[in-house]
Amino acid sequence: MLTLRCAEYEGLIRMTERQRNVNEPIPAAFIRCLAGLEDFINASIAKEKSASKKMKAPNAKAMNGMKQKIKKSLAENDAQVQAFRKVSRACCVECQVGS
């Protein structure tokens, strides 16, 4: 299951590299996915550290590989991801104040 998602993620990375090569902007949906994936991986790692039963070796290896790929993508798109997080935090604060 993780290998299928990894292949889909690599396809997205190739598409964004092509867009970068022709000087087109990176889609906001990709930036949103990167931020979400980073949050998910960090939560999974935190849950794994506190779990009494550890993850099997192939799953841990796949998760670490995905973590490294996401980390590389985040480094390449750091400014856009930071801007997205800033806007999403501001939106969440507005929603909480309005309620």
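The values are calculated or read from the model by the stated rules, or taken from the named source; none is laboratory data. Since we're looking at a predicted model, the values are computed, not measured. In this analysis, Cβ positions are derived from the backbone assuming ideal geometry, glycine residues included, and neighbour counts consider all displayed protein chains.
Have a look at M1, M63 and point out the one that is among the aliphatic types (A, V, I, L, M), at pLDDT below 85 and surrounded by 13 or more Cβ atoms within 10 Å (Cβ to Cβ). So that I can check it myself, show each step before the final result.
On the way: M1 fails: surrounded by 13 or more Cβ atoms within 10 Å (Cβ to Cβ).
Every option except M63 fails the conditions.
Okay, residues lined up against (1) part of a helix (DSSP H, G or I); (2) of a type in the set (A, V, I, L, M):
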| residue | (1), (2) |
| --- | --- |
| D39 | yes, no |
| K54 | no, no |
| M66 | yes, yes |
| K69 | yes, no |
| L74 | yes, yes |
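Return the total of residues in segment 1-50 being basic (K, R) and within 14 Å of N77 (Cβ to Cβ). Even if it seems obvious, please write down each step before you answer.
Taking segment 1-50 as the starting set, the residues that turn out to be basic (K, R) are 5, 14, 18, 20, 32, 47, 49.
Filter again for within 14 Å of N77 (Cβ to Cβ), leaving 20, 32.
So the answer is 2.
Just to check your reading of the model, which residue among E10, E38, E48, E24 is over 29 Å from V87 (Cβ atoms) and of a type in the set (D, E)?
E48
Do we find a residue being loosely packed, with under 13 Cβ neighbours inside 10 Å, at pLDDT 85 or above and basic (K, R) anywhere in segment 25-34?
First, the residues of segment 25-34 that are loosely packed, with under 13 Cβ neighbours inside 10 Å: 25, 28-29.
When the remaining residues are screened for being at pLDDT 85 or above, the result is 25, 28-29.
So of that shortlist, the ones also basic (K, R) come out as none.
Scanning segment 25-34 turns up no residue that is loosely packed, with under 13 Cβ neighbours inside 10 Å, at pLDDT 85 or above and basic (K, R).
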